[in-house]
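Heads up: the structure comes next, in structure tokens.
What follows is calculated from the coordinates using simple rules that are stated; it is not laboratory data. Note that the structure is predicted; figures quoted are calculated from it, not measured. Cβ atoms come from the backbone with ideal geometry, glycine included; neighbour counts cover every protein chain shown.
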Amino acid sequence: MGRAHALTPKRIPKRLQRDAELCGSIRRVCEQNFRAYGARKVWRQLQRERIPVARCTVERLMRQEGLRGVVRGRRARTTIASDLFEKPLDRVQRRFVALRPDQLWVADFTFVATWSGFVYVAFVIDVFARRIVGWRVSRSMHTELVLDALEQALHAREAQKGLIHHSDHGSQPGLKRSSQQLARVLIVTSWGFTF
């Protein structure tokens, strides 16, 4: 607020007056809940108290006042990029198109938060069919998770020559080394394998 507004409160715009009232309510709700509530929970509490306010307004005012809720858990990292590991050539060149089944598979893994902690999911997708052809789930992030998903896909689809297996170039410790074990039979390409 400017100096003129401080001298004549009637000249304060209605939005700023409303924001000042809401800031008091938001701060009160945060304090009553040990500063654990984020914008969504503060907004819900204000709704229960019959204080009409939009959620985006609560978010804006909390940001403005420097209020943040507690964030539970920890962030899981699935990709640790490093220039120390050798990266095979990208034979696909970001063109994910296949003219027949089992011509191009893409693979990745991710994590899912559950009540008991994170689970990691590795999957292989046939680009032509847009269908998962191999997958594995584990409570820990390890190299065998990705390789098992690939082996499941190979076994289930009985892949023929000419198949390209493409995966991202994130480097998990040991993943590139272990992928070389399969590469004794296969040729490494496209951040993955060609059969």
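Placing +1 at every Lys and Arg Cβ and -1 at every Asp and Glu Cβ, with all other atoms neutral, what dipole size does the range 3-65 have around its Cα centre, in debye to the nearest 20?
Details: 17 positive and 6 negative charges, 36 e Å.
I would put it at about 180 debye.
What chymotrypsin sites (Phe, Trp or Tyr not before Pro) does the range 100-147 have in DSSP loop regions with at most 14 other beta carbons within 10 Å?
Numbers: sites: 105, 109, 111, 115, 118, 120, 123, 128, 135; in loops: 115, 128.
Passing sites in the range 100-147 are 115.
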Open item on the list: Residue by residue through the range 131-145, what is 3J(HN,Hα) from phi via Karplus (6.51 cos²θ - 1.76 cosθ + 1.60, θ = phi - 60°)? Round to whole Hz and write x for glycine and proline.
Closed with: 9, 6, 10, x, 7, 8, 10, 8, 7, 10, 8, 9, 4, 4, 4
Task: Value of relative contact order over the range 3-65, rounded to a whole percent, pairs C-alpha under 8 Å and six or more apart - done: 28 percent
Open item on the list: Give me the base-10 log of I(q)/I(0) for the range 3-65 at each q in 0.12, 0.14, 0.27 Å⁻¹, Debye formula, one uniform scatterer per Cα, rounded to two decimals.
Closed with: -0.32, -0.42, -1.13
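Counting other Cβ atoms within 10 Å, which chymotrypsin sites (Phe, Trp or Tyr not before Pro) in the range 1-70 have at most 13 and lie in a DSSP loop? Show your work: numbers first, answer last.
Numbers: sites: 34, 37, 43; in loops: 34, 37.
Filter output for the range 1-70: 34.
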TODO: Describe numerically, in nm with one decimal, the distance between label points set 7 Å from Cα along Cα→Cβ at residue 33 and at residue 64.
DONE: 2.0 nm
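Assuming R0 = 22 Å, what is the FRET efficiency of residue 143 and residue 119, from their Cβ-Cβ distance, to the nearest 0.05?
0.85
Suppose R0 equals 45 Å. What FRET efficiency, 1/(1 + (r/R0)^6) with r the Cβ-Cβ distance, do residue 47 and residue 100 give to the nearest 0.05?
The calculated FRET efficiency here is 0.25.
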